[in-house]
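Taking it in order: structure first as structure tokens, then the write-up.
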């Protein structure tokens with residue numbers, strides 16, 4: 001029997017095939033565009049996600065396969081609005097969009113800052129779904145009036161597969177319409193914002209069955225297959241890396257970067273620097289800090305400045321990021337006193353500032369492309385280290401750190417994280433993260449394992465350990481300067497509005 005994990009990412013969708021023993025047998029990734037109609041905006045076409053899923057399923061499935069279940073995961077916070085005919089009304093406003101500053105103020109005024117923390121475990125967030133919905137109501141009232149259903153990105157795919165309007169508790173927490181402690185929709189939030197509860201999908205625990213495949217657009221072997229509720233990308237990555245118990249944490253470097261720690265209780269940072277959500281483990285929670293533009297920073301640098309390296313990689317059949325690693329390694333620790341602030345899309349942890357923007361600081365005529373590349377990777381790593389500092393300040397145990405996502409495929413970046421964190425960093429045997437976690441959730445939903453924890457114990461192992469090196473202390477000076485830069489620049493950022 002086989003299980004499928006589907007991950008609706010920002011840069012592309014990954015579809016993964018796993019067997020009962022946890023071996024990832026096949027993966028297929030389809031990329032699609034991100035649209036930025038204005039500075040700070042970010043949108044995608046839900047039809048692109050669905051086409052990518054269909055192509056991926058056709059690539060990994062064969063006639064007659066015994067598929068036991070499908071699990072879903074994907075980018076959080078995105079707003080998909082369906083009309084009465086279940087067609088998307090407008091492009092999805094996705095997680096990194098920063099247009100909703102006025103709506104965040106409106107939300108805070110309607111609910112109250114303290115009450116927002118009590119209910120949703122967070123202040124009003126420009127990236128969260130509730131503020132996006134208010135923006136549409138304020139700026140596109142004709143679209144709002146047509147809306148009959150609100151879904152998150154992965155849940156749109158669920159609807160296309162099963163015709164079910166459903167979501168899970170981990171992903172729903174990022175909508176800012178949910179009572180995080182009681183794991184249900186908040187009538188108080190919906191009432192204060194005048195949002196009809198009928199717009200919202202049914203709410204499930206992550207390993208529950210949420211529907212059965214009935215779409216005729218996917219391979220025949222999938223008909224009638226149960227679809228697990230699934231999880232937001234980071235909650236699914238936690239399952240995929242075994243971070244399902246207290247004391248365990250992971251770092252992921254995808255488009256965004258996350259430091260994620262499992263907790264048995266809903267710990268809340270009243271300063272709003274990190275986020276508390278329900279985890280994919282029934283009755284548990286997690287705390288996470290987010291760097292908005294982690295892998296996105298490196299991708300931006302690649303696309304903007306690395307045409308030669310991209311051409312070389314295409315000619316030689318190599319991964320361009322391997323070539324970029326080699327070039328970055330040609331610069332010493334500290335990138336010859338060059339620093340980078342990774343705020344290309346504003347920043348969440350620790351600043352909660354949608355107006356923050358990226359910076360190269362200390363740039364001089366001595367610097368080369370190698371220095372700039374290394375500075376980008378160090379700046380992202382410093383931002384992730386900020387997340388760890390806050391989690392520890394809250395009393396969260398982050399003693400066992402795993403790395404996943406695209407960054408985990410870089411030994412150079414993985415060692416850099418171990419050095420900057422000052423702790424061992426482990427690489428799981430399967431580095432597919434969210435898609436793998438979604439497949440494990442499908443396995444639990446199908447009854448192969450009685451719980452997420454037992455599935456992870458049986459299926460997950462680690463293959464490599466990175467230990468802080470003898471030169472790790474050399475990062476300290478630049479990190480100290482890095483932490484002073486945002487407070488100094490904040491008044492200037494406001495002049496760019």
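When the P(r) of the range 2-241 is calculated, the portion above 26 Å amounts to 35% of the C-alpha pairs. With each label modelled as a point 7 angstrom along the Cα→C-beta vector, the residue 115-residue 366 pair spans 5.8 nm.
Among bridges DSSP assigns within the range 2-241, what percent are antiparallel (round to 5)? Taking every DSSP beta bridge with both residues in the range 2-241, the antiparallel ones total about 70 percent. The structure-derived value of Cα extents along the principal axes in Å appears in the list (1) 79, 51, 38; (2) 74, 65, 38; (3) 60, 52, 43 under the label (3). For residue 23 and residue 245, the FRET efficiency from 1/(1 + (r/R0)^6), where r spans their Cβ atoms and R0 equals 35 Å, is about 0.95. Each residue, residue 483 and residue 392, gets one label point 7 Å from its Cα in the Cβ direction; the gap between the two is 0.9 nm.
Rounded to the nearest Å, what's the spacing between the alpha carbon centres of the range 283-321 and the range 432-482? Just the number, please. So the two Cα centres are separated by 19 Å. The value of relative contact order for the chain, using C-alpha pairs under 8 Å at least six residues apart, is 17 percent. Highest mean packing first, where packing is the average number of other Cβ atoms within 10 Å per residue, the peptides 446-456, 224-234 line up as 224-234, 446-456.
With n ≥ 4 as the cut-off for DSSP H runs, can you work out [θ] at 222 nm for the chain, using -39500 (n - 2.57) per run divided by the number of residues, rounded to the nearest 500?
Helices in the chain give a 222 nm mean residue ellipticity of -11000 deg cm²/dmol.
Computed extension gain for residue 198 through residue 139, at 0.36 nm per residue and net of the alpha carbon distance, reaches 19.1 nm.
Label separation (residue 184 vs residue 163): 2.9 nm, computed from points 7 Å beyond Cα along the C-beta direction.
Could you check what % of the DSSP bridge pairs in the chain are antiparallel, to the nearest 5?
70 percent
Extension gain for the segment residue 457 to residue 63, taken as residue separation times 0.36 nm less the Cα-Cα distance, is 138.7 nm to one decimal. Go ahead and collect, in residue order, the members of the range 350-383 whose backbone nitrogen is under 14 Å from a label point 7 Å along the Cα-Cβ direction of residue 308. Backbone N within reach: 368-373.
Computed from the coordinates by the stated procedures, all read-outs in this text should not be read as laboratory data. Just so it is clear, the structure is predicted and the values come from calculations on it, not from any experiment. Glycine gets a Cβ as well: all are built from the backbone with ideal geometry, and neighbour counts include every protein chain shown.
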